[in-house]
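Below: one structure, written as structure tokens.
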Amino acid sequence: MSDSPENPDTPPWAGDDEADNAKPSATELEAAGQNSMFGDPEPAPAPALTPATEPAPEPAPAPSVEQPSVPATPAPEEPAAAQPYRVLARKYRPQTFSELIGQEPMVRTLGNAIERDRLAHAFLMTGVRGVGKTSTARLIAKALNCIGPDGQGGPTINSCGVCEPCVAIAEGRHIDVIEMDAASHTGVDDVREIIEAVRYSAVSARYKIYIIDEVHMLSRNAFNALLKTLEEPPAHVKFLFATTEVDKLPVTVLSRTQRFDLRRIPRDMLQDHFASICRKEGVEAEDEALAMIANAAEGSVRDGLSILDQAIAHADLDAGEAGTTVRAAKVRDMLGLADKGAQRRLFQHLLEGNPQGLLAAVDQQYALGVEPLALIRALMEFTHRIAVTQVGGGEADASTAEEREALGEWAQKLSPGQVHRLWQLLIKGHDEVRTAPDPLVAAQMALLRVLHAADMPDPGKLAKQLKDAALVGGIASGGTGGGGSNAAPSGGAPQALNWLELVERVDKSHLHNAMSLSTKLRMQVRVIELAPGKLVFAQPDGFEENIVPEIKQALLELTGERWDIQRTEGEGAPTLVEQDEALRRAQKQRLESHPMMEAVRTHFPDAQLVEPVEQVRGRKDWSRTG
């Protein structure tokens, strides 16, 4: 600036202001730079403003009459249209405990604790994904800090949702409700910030609440640093933990919290919940489609809502004048599931032993996009439902009448043993398909194995067949346990049977020599005469020991009567050991001559019958190493 004689009345700084005003502002320079890079903005808004500004100098009130047309412009509607779409899982997140489904025991417990003023200082919510752990923590925060519509309320399980704390907590902006993700804040420094902050009272709420999600992700040192504060926090502080892996939490943390195990949501309840959401969204949905979505959710509300969101978007592609309809066929294609009718036909081929139809059905489903693992899992689900139907005895659990009829028919035709064997074969095939390099080939081979295994007898029937084959021809006519097929004329089978019972009674008695005496009776006594109070017997060759006194004393203690025991020379009935050996020889001879064994020897000439070796009672046979 300078003192110019041309403007003697103007202050020296006036010229500088005019010069500064003449320069472009920073906003104008930025706009010019943007225009040079991206081009000039469209001049469309300018003509719209010109008619409203040009008539301004005229005294006529015409422009003011046209002002009511301004609200008709779409400008006020732009914020609503600019709001991003919220997925169903966020849009329908429970805002009150009454909207939280499937967790009635926990809600009842919390309601009683709030009503009786017995609130714990730390809560732990655990469960699988998508059952409402974080939502429950936020609802507890609202319940504890709610002040009611009039601002005078106290803690309540039925939060109003309109007071400032409720609104702020629902929007995630309350200063006294701090939500932390332990997956990204795992260290001691993050916990130290909590420890330092809990000393200060709440700013505007009744309680200062810390919600720590996925708390199992905290490090061991972080848990140790939190223990003292968690055990004795200030009265104005509440801790709310949520985790899906409660087994990773230290026991010291579990003992300082009140634990709530959130349950999986039942399939029927999920289906009803999804149906109500479809009605709110103005979407039609088939019951079978909702049942498939609920089944695929596996008890998780969030997973089910994500699938439902995808199904609605998938249905919108084919929406006509009738509106959006979620159909079962679309959901089946979207989830990669096999058609229920095709599943039943495949299962029928499996039971009927039709390999051509089985392979054709597998190829058809694979061509339609059904994964082999999902196909095996569908057959396993059929098998499980058949078993449940057999146990329950009522109507099968199915979404359609055709499926219920088919399950009921199979439950009547198949025996429980066949169903369980089918399950074992399918679960083995499932593991093979999951790890195979070619899942389709593995699935085909696994199903063919199941098909051919249907012709094989189960182990129980096979053992019965072998037993019947061994006993054909009257081998078992001598009675169980070595009856008297070779008994002497004096006693025959009844004497052998009675003698066997008497020996078993001695064996099971509490005599000090019961085990050794019963062994002697089995090996050394050939019964000649057996009557109440009298026993006449002979001993086989090679046994010279006098066992008469020992037998007398034992029978006296057992029966309370004195027995007349006589040892003579002669031929009596075979001893019990000799009878068992004779029976085994006869059985072995019968098996050797059985047509089944002859067929085995034809294919395996060196095959031999191996008898199980029974260890000596009372001690282990240490002489055998294998």
One residue is enough: does the stretch 522-530 have a residue meeting the conditions surrounded by 12 or more Cβ atoms within 10 Å (Cβ to Cβ), assigned to a loop (DSSP other than H, G, I, E, B), at pLDDT below 65 and over 60 Å from the mean Cα position of the chain (by Cα)?
no
Considering every residue within the stretch 288-295, establish whether at least one is over 19 Å from ARG93 (Cβ atoms), modelled with pLDDT of 90 or more and not assigned by TED's automatic domain parsing to the domain that holds GLU403.
yes
Are any residues in the stretch 145-169 surrounded by fewer than 23 Cβ atoms within 10 Å (Cβ to Cβ) and within 22 Å of PHE260 (Cα to Cα), and if so, which ones?
PRO155, THR156, ILE157, ASN158
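Okay, residues lined up against (1) modelled with pLDDT under 80; (2) surrounded by 15 or more Cβ atoms within 10 Å (Cβ to Cβ):
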site	(1), (2)
ASN546	no, no
LEU555	no, yes
LEU558	no, yes
GLN566	no, no
LEU576	no, yes
GLU592	yes, no
Name the residues in the stretch 560-576 that are free of Cβ contacts under 8 Å to residues at least 40 places away in the same chain, part of a loop (DSSP other than H, G, I, E, B) and out of contact with any helix residue (DSSP H, G or I) (no Cβ under 7 Å at 6 or more places or on another chain), would you?
GLY560, GLU561, GLU569
Whether any residue in the stretch 331-349 is at pLDDT 85 or above, in the same structural domain as ASP272 (by TED's automatic domain parsing) and surrounded by 17 or more Cβ atoms within 10 Å (Cβ to Cβ) is what I want to check.
yes
I'm checking my understanding of the structure. Among residues of the stretch 117-134 that are within 22 Å of the chain's Cα centre (by Cα) and not hydrophobic (A, V, I, L, M, F, W, C), which one is surrounded by the most Cβ atoms within 10 Å (Cβ to Cβ)?
GLY132
If THR186 satisfies all but one of (1) under 14 Å from LEU110 (Cα atoms); (2) in contact with a helix residue (DSSP H, G or I) (Cβ under 6 Å, 6 or more places away or on another chain); (3) not basic (Lys, Arg), what's the number of the condition it fails?
(1)
If only one of ALA387, ALA396, ALA406 is in contact with a helix residue (DSSP H, G or I) (Cβ under 6 Å, 6 or more places away or on another chain), over 20 Å from PRO355 (Cα atoms), not assigned by TED's automatic domain parsing to the domain that holds GLU286 and not in a helix (DSSP H, G or I), which one is it?
ALA396
Would you confirm whether or not the stretch 220-232 contains a residue that is part of a loop (DSSP other than H, G, I, E, B), buried (at least 18 other Cβ atoms within 10 Å of the Cβ), assigned by TED's automatic domain parsing to the domain that holds MET106 and not charged (D, E, K, R)?
no
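The values are calculated or read from the model by the stated rules, or taken from the named source; none is laboratory data. Predicted model, so just to flag it, every value in this text is computed and none were measured. Note that we place each Cβ from the backbone using ideal geometry, even for glycine, and neighbour counts take in every protein chain shown.
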